[in-house]
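Note sheet for the following structure.
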Amino acid sequence: MSSLSHADQLCHKRGREIPKSVSGGVRNPYTQSFGVVVQRQLTSNVLLDIAYIGAFGRKLIILRAINPAVYGPGATVRNTSARRIYAPVFDSIGGLFSDGNSEYNSLQVTLTKRLQKRPHVRSGLHLFESDRRSAIGR
């Protein structure tokens, strides 16, 4: 039975330890959410809702390869380790950095019609855009 934790066992490959790195500038990540809703009664039994919902995250923790394989002629998946910058001493090296960002934007439109002697009918449209980026190369 090995005395290494599961994570440390995964970081040993072909007899070489794969270093783990955490940037000295790692900061606390944060997110913010916001929204605005406009509601308008068009007729006595028709209601229109238009909403904008947004959110963003800053300083998100991302994993970046510090010892990437250099692409060149004859590069294949099989020779990835041999093409690394610090090969053959080190294989894959991953670093944690806090320069990730995310954004979410959404437009929501709902039309509600109340019917006489029945429950109301609701129809809606939801458009959204989501993006997660990392500031690589800073």
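Only the coordinates and a few stated rules stand behind these numbers; no lab work does. Quantities reported herein were computed from a predicted structural model and do not represent experimental measurements. We place every Cβ from the backbone using ideal geometry, glycine too, and count neighbours over all the protein chains shown.
Here is how the numbers come out for the structure above:
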| quantity | calculated |
| --- | --- |
| Whichever residue in the range 71-130 is aliphatic (A, V, I, L, M) and assigned to a loop (DSSP other than H, G, I, E, B) and, among such residues, is surrounded by the fewest Cβ atoms within 10 Å (Cβ to Cβ) | Val77 |
| Failed criterion for Phe34 (all others in (1) loosely packed, with under 10 Cβ neighbours inside 10 Å; (2) in a loop (DSSP other than H, G, I, E, B) hold) | (2) |
